[in-house]
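J.: Below are the structure tokens for one structure; questions will follow.
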Amino acid sequence: MSATQRPASVTDELLERLVARVPGRTGATWKLTEVYTGEVLVELPQSTEQDIEAAFEEARAAQRLWAQWPVERRLEVFARAHTLLVDNAHTTADLIQVESGKNRRMAIEETCDPPMVMSYYLKRAKRLLAPKRHGGPVPIVSGSTEVRVPKGVVGIIAPWNFPFATGLSDAIPALIAGNAVVVKPDNKTALSPLYGISLLEEAGLPEGLFQVVCGDGPDVGPTLIDNADYVMFTGSTATGRVIGERAGRNLIGCCLELGGKNPMIVLDDVDVEEWVESALFGVFGNTGQICMHIERIYLPESRYDELRSAFVDRASSLVIGAAYDFGPEIGSLVSPDHRDRVASHVEDAVAQGATVLTGGRARPDIGPAFFEPTVLEGVTKDMLAGHTETFGPVVALYPYRTVDEAIRLANDTDYGLNASVWSGDLARAEAVAARIESGNVNINDALATAYASKGSPSGGVKQSGVGARHGDQGLLKYTDAKNVAVLKKQVMGPRPGQGYDAYVRQMLSSLKLMRRLRVR
Ligand code: NAD
């Protein structure tokens with residue numbers, strides 16, 4: 001097989017089988033293409049309002065039975081699914097690559113995310129979902145139990161940049177908690193989540209529990225939100241606002257994982273060799289289409305020239321290419337439209353006085369959506385690349401004089417998703433991290449350490465999101481807490497013959513006594 005020949009596992013038969021489960025009663029389809037060539041791979045059915053309503057009905061029926069399974073039995077499905085997902089990582093990566101155009105390293109790393117999420121909740125879910133006893137208002141005779149009840153059917157809307165991870169990983173805790181899921185992937189990247197769901201079903205997930213609907217966001221979104229009991233959205237801040245408004249009107253909960261304009265602060269004692277490789281990945285990994293990737297780097301003035309030239313030299317030597325093997329360090333952008341958006345940020349910066357230190361051009365000679373790794377200098381806040389998310393292989397370098405100035409500049413953004421701090425002295429880096437307004441901060445790494453730490457909730461602050469995935473909250477958000485309280489004997493209120501004055505005196509002194517005895 002030549003490096004650019006479509007992978008052998010991506011057969012027409014597989015593609016037809018995958019899209020067959022997407023409902024589309026009108027017969028309307030969307031042409032899903034191979035990014036490296038622009039060739040049509042398969043016609044993806046487009047779901048109507050009635051299709052979406054029917055998907056929810058089926059999911060709801062399956063959920064009623066699934067919620068009755070003991071947690072241990074549900075977890076057995078995910079233990080088997082973990083093995084299947086890992087064993088089929090290469091086919092998954094093939095599908096991720098054909099539909100997104102990312103390079104092989106990123107596609108394989110993406111396949112690891114759902115198994116990592118599964119591993120965490122396989123260990124933790126039983127304890128999280130177990131009823132918890134709490135004390136009641138009157139010791140001994142009263143108590144309450146916190147019972148975790150699944151929300152019902154969770155609607156998931158996923159983006160194209162990590163289609164397999166965002167299509168599956170957020171569904172895993174929802175399903176473990178006893179919910180059904182209806183997912184809407186991006187049209188461009190529906191194949192890998194469809195394949196992942198087929199593996200979950202092979203592992204024993206009941207049929208009907210995990211539904212997929214497809215279509216343009218504004219067409220499919222409203223019906224999906226109106227039928228869901230909770231919405232998990234990953235995508236841009238602009239769309240997140242639309243989703244949040246509709247969920248709010250319906251009085252259902254939602255988690256919004258949105259965009260970023262993520263800064264990296266490099267302190268003056270950094271080890272240049274170690275920093276430069278990680279910074280390159282943080283900026284250019286997934287061709288810059290990672291929500292947590294770095295778009296602004298603040299370098300100490302005292303070492304600016306040295307750090308800039310190390311970074312630019314290495315960026316200009318990155319191997320860019322269209323291949324299904326591990327050759328290229330940089331793959332394609334997802335589409336020609338997105339390439340144009342990235343190019344428009346660079347053109348706008350240059351027109352307003354910024355300098356291109358390396359890159360800056362589209363590469364139609366390699367494929368329809370390729371764009372060079374690009375490093376800019378002299379970017380100001382009023383330029384597009386200075387204040388809004390580019391979401392491509394473009395970064396701006398800035399010199400700073402004092403650490404206070406670097407922190408002020410890093411925080412001077414509406415976003416707050418991820419940040420990175422580099423120093424040879426961990427205590428120094430931690431002190432800087434504490435002052436950064438961001439849902440995630442990576443010390444001596446760009447992004448992966450925070451994202452892969454599945455025990456800690458990971459989300460955005462400011463305009464980067466509401467709520468979080470991972471950690472206990474990443475599962476509990478898909479449940480309602482039911483407070484079941486028991487009073488074994490009616491002891492509230494005055495005893496027969498006791499006046500209100502005496503009762504109130506007794507109650508107030510009991511409050512003090514309980515506090516002293518630390519009775520809850
Ligand atoms: P997008 O907001 O355009 O689309 C995301 C999803 O929402 C797609 O499935 C799309 O079809 C759907 N959608 C669009 N309009 C809709 C509407 N009105 N109603 C319902 N659904 C609608 O985002 P994108 O361009 O696909 O993805 C890139 C963005 O996602 C970037 O901003 C990136 O930072 C962000 N992102 C965030 C995270 C995170 O965890 N914070 C992770 C990945 C990507």
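The values are calculated or read from the model by the stated rules, or taken from the named source; none is laboratory data. Owing to the predicted nature of the structure, the values given are computational and were not obtained by experimental measurement. As a convention, Cβ positions derive from the backbone with ideal geometry for all residues, glycine included, and neighbour counts pool all protein chains shown.
A quick yes/no check of all residues on (1) out of contact with any Ser or Thr (no Cβ under 9 Å at 6 or more places or on another chain); (2) under 30 Å from N88 (Cβ atoms):
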{"site": "A190", "(1), (2)": "yes, yes"}
{"site": "G208", "(1), (2)": "yes, yes"}
{"site": "T223", "(1), (2)": "no, no"}
{"site": "T237", "(1), (2)": "no, no"}
{"site": "V242", "(1), (2)": "yes, no"}
{"site": "G253", "(1), (2)": "yes, no"}
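One line per residue, one yes/no per condition, for (1) outside the structural domain of H293 (by TED's automatic domain parsing); (2) among the aliphatic types (A, V, I, L, M); (3) more than 23 Å from W275 (Cα to Cα):
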| site | (1), (2), (3) |
| --- | --- |
| D412 | no, no, yes |
| Y415 | no, no, yes |
| A431 | no, yes, no |
| I443 | no, yes, no |
| T449 | no, no, no |
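J.: To continue, here is another question. Of all residues in the stretch 390-410, which are more than 18 Å from A279 (Cβ to Cβ) and hydroxyl-bearing (S, T, Y)?
T.: Answer for the stretch 390-410, where residues must be more than 18 Å from A279 (Cβ to Cβ) and hydroxyl-bearing (S, T, Y): just T402.
J.: Take the residues of the stretch 476-492 that are surrounded by 14 or more Cβ atoms within 10 Å (Cβ to Cβ) and farther than 30 Å from H293 by Cα: which is farthest from the ligand (Cβ to nearest atom)? Step through it out loud before you land on a result.
T.: Taking the stretch 476-492 first, the residues surrounded by 14 or more Cβ atoms within 10 Å (Cβ to Cβ) are 476-480, 487.
Adding the requirement that they be farther than 30 Å from H293 by Cα leaves 479-480, 487.
Values: T479: 21, D480: 24, L487: 44 Å.
Filtering the stretch 476-492 for residues that are surrounded by 14 or more Cβ atoms within 10 Å (Cβ to Cβ) and farther than 30 Å from H293 by Cα, the one farthest from the ligand (Cβ to nearest atom) comes out as L487.
J.: Any residue in the stretch 147-172 that's more than 17 Å from I197 (Cβ to Cβ): show its pairings with residues that are of a type in the set (F, W, Y) and away from the ligand (no atom under 12 Å from the Cβ) at Cβ separation under 8 Å, as long as the two are six or more apart or on different chains.
T.: P150/Y478; K151/Y230; K151/Y478; G152/Y230
J.: Examine the stretch 347-357 for a residue that is among the hydroxyl-bearing types (S, T, Y), modelled with pLDDT of 95 or more and closer than 29 Å to D404 by Cα, and state whether such a residue exists. Spell out how you get there, then give the answer.
T.: Filtering the stretch 347-357 for residues among the hydroxyl-bearing types (S, T, Y) gives 355.
Narrowing further to those that are modelled with pLDDT of 95 or more: 355.
Filter once more, so that each one left must be closer than 29 Å to D404 by Cα: 355.
Yes, that holds for at least one residue.
J.: Does at least one position in the stretch 236-244 carry a residue that is within 18 Å of A59 (Cβ to Cβ) and out of contact with any Cys (no Cβ under 8 Å at 6 or more places or on another chain)?
T.: Here is the first cut: in the stretch 236-244, the ones within 18 Å of A59 (Cβ to Cβ) are none.
Within the stretch 236-244, none of the residues are within 18 Å of A59 (Cβ to Cβ) and out of contact with any Cys (no Cβ under 8 Å at 6 or more places or on another chain).
J.: Follow-up question, since we're still on this one. Would you be able to say whether some residue in the stretch 202-215 is touching a residue at least 60 places away in the same chain (Cβ under 8 Å), more than 12 Å from A158 (Cβ to Cβ), within 11 Å of the ligand (Cβ to nearest atom) and touching a helix residue (DSSP H, G or I) at 6+ places or on another chain (Cβ under 6 Å)?
T.: Within the stretch 202-215, not a single residue is touching a residue at least 60 places away in the same chain (Cβ under 8 Å), more than 12 Å from A158 (Cβ to Cβ), within 11 Å of the ligand (Cβ to nearest atom) and touching a helix residue (DSSP H, G or I) at 6+ places or on another chain (Cβ under 6 Å).
J.: Out of all the residues in the stretch 35-53, which are in a loop (DSSP other than H, G, I, E, B) and surrounded by 18 or more Cβ atoms within 10 Å (Cβ to Cβ)?
T.: If the condition is that a residue be in a loop (DSSP other than H, G, I, E, B) and surrounded by 18 or more Cβ atoms within 10 Å (Cβ to Cβ), then V35, Y36, Q46, S47, T48 are the ones that fit.
J.: Now for a different question. Would you mind listing the strands (runs of 3 or more DSSP E) fully within the stretch 328-435 where at least 3 residues are within 27 Å of the chain's Cα centre (by Cα), surrounded by 16 or more Cβ atoms within 10 Å (Cβ to Cβ) and within 16 Å of the ligand (Cβ to nearest atom)?
T.: On the way: elements: 355-358, 374-377, 394-400, 418-422.
By residue number, 418-422.
J.: Of all residues being of a type in the set (S, T, N, Q) and assigned to a helix (DSSP H, G or I) in the stretch 236-294, which is farthest from the ligand (Cβ to nearest atom)? Just the residue, please. Outline the logic, then answer.
T.: So in the stretch 236-294, the residues of a type in the set (S, T, N, Q) come out as 236-237, 239, 250, 262, 278, 286-287, 289.
From what is left, the residues that are assigned to a helix (DSSP H, G or I) are 237, 239, 278, 286-287.
Numbers: T237: 6, T239: 3, S278: 20, N286: 10, T287: 13 Å.
The selected residue is S278.
J.: Moving to a separate point now. Having 2 or more residues that are away from the ligand (no atom under 16 Å from the Cβ) and crowded, with 18+ Cβ neighbours inside 10 Å is the bar; report the strands (runs of 3 or more DSSP E) wholly within the stretch 56-168 that clear it.
T.: 142-150
J.: Sticking with this structure for a sec: Can you pull out the residues in the stretch 465-520 that are in a strand (DSSP E or B), under 30 Å from P173 (Cβ atoms) and aliphatic (A, V, I, L, M)?
T.: Once the filter is applied, which keeps residues that are in a strand (DSSP E or B), under 30 Å from P173 (Cβ atoms) and aliphatic (A, V, I, L, M), the stretch 465-520 yields V466, A481, V484, A485, V486.
J.: Looking at the structure I just gave you, is S119 outside the structural domain of G331 (by TED's automatic domain parsing) and under 28 Å from E58 (Cβ atoms)?
T.: Details: outside the structural domain of G331 (by TED's automatic domain parsing): yes; under 28 Å from E58 (Cβ atoms): no.
No, not satisfied.
J.: Still on this structure, I have one more. Taking the options Q473, Q463, name whichever one is under 21 Å from F391 (Cβ atoms), polar (S, T, N, Q) and crowded, with 17+ Cβ neighbours inside 10 Å.
T.: Details: Q473 fails: under 21 Å from F391 (Cβ atoms).
Going through Q473, Q463 in turn, just one is under 21 Å from F391 (Cβ atoms), polar (S, T, N, Q) and crowded, with 17+ Cβ neighbours inside 10 Å: Q463.
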